[in-house]
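The values are calculated or read from the model by the stated rules, or taken from the named source; none is laboratory data. Since the structure is predicted, the reported quantities are computational estimates derived from the model, not experimental observations. Don't worry about glycine lacking a Cβ; one is built from the backbone with ideal geometry, like all the others, and counts go over all protein chains shown. Ligands, DNA and RNA are stripped out before the accessible areas are found, and what is left, the full protein with its side chains, is counted by its heavy atoms. Shrake-Rupley method; radii C 1.70, N 1.55, O 1.52, S 1.80 Å.
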Amino acid sequence: ARSTVLMMAGPLVWKCFEQLRYSVETGKTVMEKAFGTPLFDYLAQHAELASQFSEAMVGIHSAEPAAVAASYDFSTLEVIVDVGGATGNMLAHIVTRYPQCRGVLFDCPHVVADAPALLRAKGVESRVRLEHGDFFKSVPGGGDAYILSHIIHDWSEGQCLTILSNCRKAMRPESKLLIVEFVLPEGDEPHIGKLLDMTMLAVTGGEERTATEYRTLLARAGLTM
């Protein structure tokens, strides 16, 4: 909770919302205007802030990993690859609920560095293998299921296609790709995901999507929803 409050109420986020009009008018991020670099490049240069960001994501999405583990049937799967899985909170919940599962946690070296402590605290350190890498270049093969949890909404359409295409290359014909995101309603009614959509506009340059938009994006990467 502490990291969540410090991150979401701290200068990194509020400076972006302070100039939200700039993003609305230009389509560009306030993050790059205010801090001179994209969010994830900035975090890579500030280790303490990167750790706080990872812990804040655990706080914001605290109920999701258990809900995903409970709602999807992983009982016939052995290897779960969490692409951009940060400190491993999602994988920890899945392998805890499904003892036959082993996890591969794939993320940048400075992000994965904080994972052993969380996995150890959850008692699953021996069942999750850490792999360093860049999902814009490649994704580990051999997975029965691949997870993208709050990854796709961070990036532009072209960048998303690169990530999805790399997942598709790594997947076997029977592998599944599981995307954990808000799905926006098609109409104009209020929705919590639309607040996050504005956050993505100003901070990361990404966006939230409707089911139709996801179906179109996935089809372009050779995937079927």
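For the peptides 184-195, 53-64, residues were scored by their other Cβ atoms within 10 Å and the scores averaged per peptide; the highest-first order is 53-64, 184-195. Here the stretch 100-197 carries DSSP beta bridges of which approximately 0% are antiparallel, counting only pairs with both residues inside.
Ligands, DNA and RNA are left out, and with a 1.4 angstrom probe the accessible area of the stretch 104-225 is 49 Å² per residue. Can you give the FRET efficiency to the nearest 0.05 for Thr37 and Thr216, using r as the Cβ-Cβ distance and R₀ = 25 Å? Once the sixth-power term is evaluated, E becomes 0.25. In terms of the Cα gyration tensor, with a ≥ b ≥ c the square roots of its eigenvalues, is the stretch 40-85 rounded because a/c is under 1.5, prolate because a/b exceeds b/c, or oblate? It comes out oblate by the Cα gyration axes. For the chain, there are no membrane-span-like helices by this rule, meaning no whole DSSP H stretch whose C-alpha atoms cover at least 24 Å of axis and whose Kyte-Doolittle mean is 0.5 or above; this says nothing about an actual membrane. Provide the FRET efficiency to the nearest 0.05 for the Gln100-Asp188 pair, computing r from the beta carbons and using R0 = 41 Å. Result of the calculation: an efficiency of 0.35. Loop-located chymotrypsin sites (Phe, Trp or Tyr not before Pro) across the stretch 117-225 with a Cβ neighbour count of 14 or fewer within 10 Å are Phe136, with loop assigned by DSSP. Kirkwood hydrodynamic radius computed over the stretch 100-225 comes to 15.9 Å, based on all pairs of distinct alpha carbons. Summed over qualifying helices (DSSP H, 4 residues or more, each -39500 (n - 2.57)) and divided by its residue number, the chain shows a 222 nm mean residue ellipticity of -13500 deg cm²/dmol. Between Ser156 and Arg172, the contour length at 0.36 nm per residue exceeds the Cα-Cα span by 3.2 nm. Calculated accessible area for the stretch 1-103 comes out at 52 Å² per residue, all protein chains present (probe 1.4 Å; ligands, DNA, RNA ignored). Mean projection of the Cα convex hull over all viewing directions, computed for the chain: 12.1 nm².
Non-local lysine pairs in the chain, meaning eight or more places apart or on different chains, with alpha-carbon distances under 28 Å, amount to 11. Between the C-alpha center of the stretch 106-163 and that of the stretch 39-57 there is a gap of 15 Å.
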